[in-house]
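Let me give you the structure first, and then I'll get to my questions.
Where a number appears in this text, it was derived from the coordinates with a stated rule and is not lab data. Since this is a predicted model, take the numbers as computed values, not measurements. With ideal geometry, Cβ positions are generated from the backbone for all residues, glycine too; neighbour counts draw on all protein chains shown.
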Amino acid sequence: MIVCQCQSISDHDIRAAVAWMRAADARTIITPGKIYHALGKRADCGGCMPLFLDTMRAHDSFEVPMNLRGLRRATDTGTSDEGRQEGYRVSERGAAV
Ligand code: FES
């Protein structure tokens with residue numbers, strides 16, 4: 001079945017790409033962009049993304065490796081300062097001479 005009409009990518013192509021990526025690197029995070037890249041193509045309209053993602057998720061080896069799960073939670077400190085030092089803005093430093 002053709003999943004991506006713009007690039008003529010079938011569900012078989014997606015499953016083969018997922019299997020190839022997982023076999024090449026068991027720890028890789030598989031994304032639609034990586035699949036397009038592996039197939040030598042680029043997304044065009046993006047209209048296929050819901051079906052593209054469903055096809056990826058249906059593959060047995062699509063799961064995120066256990067040791068890579070929860071990384072965002074582990075590194076999220078709950079601050080919104082993006083790691084900047086306090087008072088980095090010129091307006092917070094007081095009057096400049
Ligand atoms: S249908 Fe896949 S990019 Fe357009």
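Find, among the trypsin sites (Lys or Arg not before Pro) in region 34-69, those assigned to loop by DSSP (not H, G, I, E, B) with at most 11 other beta-carbon atoms within 10 angstrom.
Hits after loop and neighbour filter: Arg42, Arg69.
Length gain on complete extension for the stretch Ala19 to Ala58, per 0.36 nm per residue less the alpha carbon to alpha carbon distance?
Going from the current span to full extension adds 12.9 nm.
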